[in-house]
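Notes follow the structure.
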Amino acid sequence: MLRFLTAGESHGVCLTAILEGMPSGVPIDRDRLQREMRRRQLGYGRGPRMQFEADAVELSAGVRRGRTLGSPIALTIANKDASIDRLPVVTQPRPGHADLTGALKYDHRDVRNVLERASARETAARVAVGALCKQFLSPLGIELASHVIALGPVRANPAAATVARLRAKADPTPLRCLDPAATKRMMRAIDAAMKAGDTLGGVFEVIAEGVPPGLGSYVHYDRRLDAILGRAILSIHAVKAVEVGDGVLGASLPGSKVQDEIFYTRAKGFHRSQNRSGGFEGGMTTGEPLIVRGYLKPLSTLRRPLRSVELNTKRRVVATVERSDVTTVPAAGVIGEAMIAFELARAVLEKFGGDSLRELQRNLQGYVRQIQHF
């Protein structure tokens, strides 16, 4: 079974991740890994920390001469701003964060002990893990990309999004958005929020192409892959809602306008007329592109502090102000790619098995031939 753990604090010495269950023989491109880390740091409206943290990943175990060994993979990301023991005690919890509930749960009188681990800095380790999972999925024909479809009050015009188009047209833009006019309006909204000391949320969309039909299962609730991906997206900091396909729009339409009708041709085999379901039926992949969206609330750390209560005296105060971004929606899309890549990699291994990449490829090819001759 594929699984990973992360460890580390926002201003600790480093972030560490262990990825266990990766088959042997997967080619690992370290430059590609580093590009993924850089994508997480980019985006208009990011804070100053993104400018000086290199997020360089060290692979210290599980990879030799550019290929995975089948043993656990160890990744380390050093923090340049490693100052956790010098930072002051925090007793003024910030609304919208884990601060107060975490202090109550773990009996901490210093909220610093909570916020350092609860920080979104932890997602750098997840992106590193997801980057390796992407490199595992690529030889199997599965590719992922993401883009921003809404930020604050601005929504981009619907556009035909494919992985190739997103990589070529969305990734180079300041907010990783396909709509140039909407991008300009989003940037103006970010400028206004920054001036007001406020923050903005938004919506990102992740697309996965080349996913074979039949990943996941309908037989138990916890094996439905769309539900698993929903949990993965909701685990990202500030994400408060998830949508699969046209889930929100479909709730207001008649059934005749929502279902993906089935067709068959010798060239394409079984296929759907459209993809409103986002690539899922009955908790299983259909073979159509997967479409998953994450909805972020505005970030909780404001430059204009909110009201709070001091832990010890219980008197009214304003919350502590930590360094923050105005918005992280473009970065959240990259994290969403990483989380979906991990869950897809796990689902592929569950379905096809194999301790090496070559064994898994043979198993997958046999399954595809079975489907083609159904």
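The values are calculated or read from the model by the stated rules, or taken from the named source; none is laboratory data. Since the model is a prediction, treat every value here as computed from it, not as a measurement. Cβ: placed from backbone, ideal geometry, glycine included. Neighbour counts: every protein chain shown.
List of remarks:
- Looking across segment 166-186, just one residue is outside any helix (DSSP H, G or I) and among the basic types (K, R), and that is R176.
- Residue that is nearest to L151 (Cα to Cα), among those in segment 1-36 that are part of a helix (DSSP H, G or I) and either at pLDDT below 95 or of a type in the set (D, E, K, R) (or both): E36
- Restricted to segment 237-303, the set of strands (runs of 3 or more DSSP E) holding at least 2 residues that are without any contact (Cβ under 8 Å) to a residue 24 or more places away in the chain comprises 262-265, 269-272.
- So L75, is it in a strand (DSSP E or B) and either in contact with a strand residue (DSSP E or B) (Cβ under 6 Å, 6 or more places away or on another chain) or without any contact (Cβ under 8 Å) to a residue 24 or more places away in the chain (or both): yes
- Yes/no for V63 being buried (at least 20 other Cβ atoms within 10 Å of the Cβ) and touching a residue at least 40 places away in the same chain (Cβ under 8 Å): no
- In segment 68-124, the residues that are surrounded by fewer than 18 Cβ atoms within 10 Å (Cβ to Cβ) and among the β-branched types (V, I, T): I84, V89, T101
So that you can scan it fast, the table gives a plain yes or no per residue for (1) loosely packed, with under 15 Cβ neighbours inside 10 Å; (2) under 25 Å from G102 (Cβ atoms):
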| residue | (1), (2) |
| --- | --- |
| K268 | yes, no |
| G278 | no, no |
| T285 | no, no |
| L290 | no, no |
| R315 | yes, yes |
| S324 | no, yes |
| A347 | no, no |
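- Look at segment 25-51: where a residue is among the β-branched types (V, I, T) and a partner is modelled with pLDDT of 95 or more, sitting 6+ places away or on another chain with Cβ atoms under 6 Å, you get V26/T68; V26/F136; V26/L357; I28/V63; I28/G66; I28/Q135.
- So T301, is it under 26 Å from the mean Cα position of the chain (by Cα) and modelled with pLDDT under 95: yes
- Identity of the residue in segment 197-230, over 17 Å from E143 (Cβ atoms) and among the acidic types (D, E), that ends up surrounded by the fewest Cβ atoms within 10 Å (Cβ to Cβ): D222
- Selected residue (criterion: nearest to P158 (Cα to Cα)) from residues of segment 230-285 that are aromatic (F, W, Y) and out of contact with any His (no Cβ under 7 Å at 6 or more places or on another chain): F280
- Those residues of segment 231-240 which are surrounded by fewer than 18 Cβ atoms within 10 Å (Cβ to Cβ) and among the aliphatic types (A, V, I, L, M), in sequence order: L234
- Restricting segment 304-329 to residues that are among the hydrophobic types (A, V, I, L, M, F, W, C) and in a loop (DSSP other than H, G, I, E, B), the residue that is farthest from the chain's Cα centre (by Cα): L311
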